[in-house]
Amino acid sequence: MKTRVQGFLCAGVAACVAAGCCSDKGVDVKKSGAVEPSVVVKPFGKTKDGQLVNHYTLTGAGGVVMDVIDYGGKVVRLYTPDRSGAKTDITLGFNEVAGYETQDKYFGSLIGRYGNRIANGKFTLDGATYTLPTNNAPGSIPCSLHGGDKGFDAYVWHSEPLSEGKNVGIKFNMTSPDGDQGYPGKLDITVRYWLTPENVWRIEYEAVTDKATPVNMTQHLYFNFKGEAEGTILDHELTLFADRMTPVDKGLIPTGALVPVKGTPFDFTTPWLIGARIDADNEQLRFGGGYDHNWVLNSQSGKLAPAAALYEKTTGRYLEVWTTEPAIQFYCGNFLTDKVPGKRGKNLCHRGGLALETQHSPDSPNQPGFPSTILRPGAVYKTVTEYRFGVR
Ligand code: GAL
């Protein structure tokens, strides 16, 4: 494995582009043979408040290439091979930090302290009531979304390259101070991204606190297996390993019920095209403007287990999502519009990407019937999610 600072030498995208073997202009060029795993680091500009941002290119031994910045741990580009070996960037992102600051901060991002929604931006824990920023209001009902006004997506994390055998990665650290966005407790967080020779992107989340606090971290990568800004994801085929989901009110807050999906447009227990039932006459689909819901995974063991599978037939790209988490949010990009510029000068579109966010269910701090998200001093928050890329 090679590591280069300001590197240009090894099999990262910068070197690839220089050598003409793949391109971030969207030209798909075949690449064959084993790849030497590498991590290349270079600058990625500054945030609007002047913080320097690093850009890492991880090249996995299996050929997947990932560009990641330490601002929010965001995956900017993700190249995976299609059925014929051609690599395409299959995620949404921006070429500059400003894109994330002005267009959409969640693209490809780590999310915390609490991923998803908390009703009214309030919860009670051990007798005390905490108030969070209400930065979102579906159906005009305010809630706190993805950690508040400044979630973990908007931090520049401390970052360093990792390597272990044929695996390459990045380690991210940060401390969220006591009272950050209204949450109690100083939270020390470590996240590791790994890229393996089997084309697995493994994410390991860890956190410890000095006061009881809710923690629910996730990753908000968008997928479009046909390529960034190449149309909608309605033709992708999805499987969810979940017999139940958590219906929501029009503020997208769970009612508390766990409802069987059988016989509804939410049944993805066998593969279904995302577009097949999205326009069905269904109140839940109306509330979400499409799919924007949380499924209760069949595995509640806390052990790594299948959560989702995604397939696109023209490219053959196939993904399995495995997680230790008990739930998954499937969001099909209902809020995306054609006003958002893509990385290649082509605008995105409504439903131009989908996210598969492993997590605990939304609003858990206010939902006694849901598995707890409360981390207490002395305990370690530890979750793992794997995105396993392949073709069929
Ligand atoms: C998702 C959420 C959507 C939307 C999106 C960010 O996690 O389910 O409702 O808020 O994040 O645009």
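Keeping all protein chains in position, work out how much accessible area residue 273 exposes to a 1.4 Å probe, and write it in Å² to the nearest 10.
For residue 273, the solvent-accessible surface is approximately 80 Å².
Among 324, 173, 268, which residue has its Cα furthest toward the positive end of the charge dipole of the chain, with +1 on Lys/Arg Cβ and -1 on Asp/Glu Cβ?
So the residue we want is 173.
For region 25-161, what % of the accessible area comes from carbon and sulfur atoms, probe 1.4 Å?
49 percent
Which ³J(HN,Hα) values in Hz, rounded to whole numbers, follow from the phi angles of region 34-39 under the Karplus curve 6.51 cos²θ - 1.76 cosθ + 1.60, where θ = phi - 60° and Gly and Pro get x?
Couplings: 6, 10, 7, x, 8, 10 Hz.
Region 144-263: Rg/Rh from Cα coordinates, Kirkwood Rh?
Rounded to two decimals, Rg/Rh equals 1.02.
Using unit Cβ charges (K, R positive; D, E negative) and no other charged atoms, how large, in debye to the nearest 20, is the dipole of region 218-391 about its Cα centre?
Using Cβ point charges on Lys, Arg, Asp and Glu, region 218-391 gives about 380 debye.
Counting only residues 5 or more places away or on other chains, whose amide H sits under 5 Å from the amide H of residue 158 once H atoms are built in the peptide plane?
Correct list: 173.
Cβ neighbours within 10 Å, averaged per peptide: list 53-60, 146-153 in order, most packed at the top.
Packing proxy ranking, top to bottom: 53-60, 146-153.
Magnitude of the Cβ-charge dipole of the chain, K/R +1 and D/E -1, about the Cα centre, nearest 20 debye?
Once rounded to the nearest 20, the dipole reads 660 debye.
Tell me the mean residue ellipticity at 222 nm calculated for the chain from its helices only (DSSP H runs of n ≥ 4, each -39500 (n - 2.57), averaged over every residue, nearest 500).
When only DSSP H runs of four or more count, the value is -1000 deg cm²/dmol.
Show me, for region 243-256, the HN-Hα J-couplings you get by feeding each phi into the Karplus relation (A = 6.51, B = -1.76, C = 1.60, θ = phi - 60°), rounded to Hz, glycine and proline as x.
8, 9, 9, 10, x, 10, 8, 6, x, 6, 9, x, 6, x
Considering only protein heavy atoms, with the full assembly of protein chains and a 1.4 angstrom probe, order 360, 236 by accessible area, largest first.
From most accessible down to least: 360, 236.
Given an 8 Å cut-off on Cα distances and at least 6 residues of separation, report the relative contact order of the chain as a percent.
Relative contact order comes out at 16 percent.
Roll a 1.4 Å probe over the protein heavy atoms and report the accessible area of residue 270 in Å², nearest 10.
Counting only protein heavy atoms, the figure is 80 Å².
Just the accessible area for residue 292, please: 1.4 Å probe, Å², rounded to the nearest 10?
10 Å²
Top mean-square fluctuation among 163, 372, 301, Gaussian network model of the chain, C-alpha springs under 10 Å?
Checking each option, the largest mean-square fluctuation is seen for 301.
Whenever you get a sec, line up 201, 322, 194 from highest to lowest accessible area (probe 1.4 Å, protein heavy atoms).
322, 194, 201
Can you work out the accessible area per residue across region 21-159, with the rest of the protein chains kept in place, probe 1.4 Å, in square angstrom?
For region 21-159, the solvent-accessible area averages 36 Å² per residue.
Would you mind getting me the FRET efficiency between residue 249 and residue 186? Use the beta-carbon distance for r and R0 = 30 Å, nearest 0.05.
0.35
Heavy atoms only, probe 1.4 angstrom, no DNA, RNA or ligands counted: give me 363, 210 ranked by accessible area, highest first.
Result of the area sort, largest leading: 210, 363.
Give the carbon-plus-sulfur fraction of the accessible surface of region 218-391 in %, rounded to a whole number; probe 1.4 Å, heavy atoms of protein chains only.
Taking all protein chains in place, region 218-391 shows 55 percent carbon and sulfur surface.
Taking every Cα atom in region 218-391, find the radius of gyration and the maximum pairwise distance Dmax, and write them in Å.
For region 218-391, the Cα radius of gyration and maximum Cα-Cα distance read 16.2, 50 Å.
Whole-Hz Karplus ³J(HN,Hα) for region 117-125, in order, using 6.51 cos²θ - 1.76 cosθ + 1.60 and θ = phi - 60°, x for Gly and Pro?
Karplus values, whole Hz, x for Gly and Pro: 9, 10, 4, 6, x, 9, 8, 10, 9.
The values are calculated or read from the model by the stated rules, or taken from the named source; none is laboratory data. The structure presented is a predicted model; accordingly, all values stated were derived computationally and were not measured. Don't worry about glycine lacking a Cβ; one is built from the backbone with ideal geometry, like all the others, and counts go over all protein chains shown. Ligands, DNA and RNA are stripped out before the accessible areas are found, and what is left, the full protein with its side chains, is counted by its heavy atoms. Shrake-Rupley method; radii C 1.70, N 1.55, O 1.52, S 1.80 Å.
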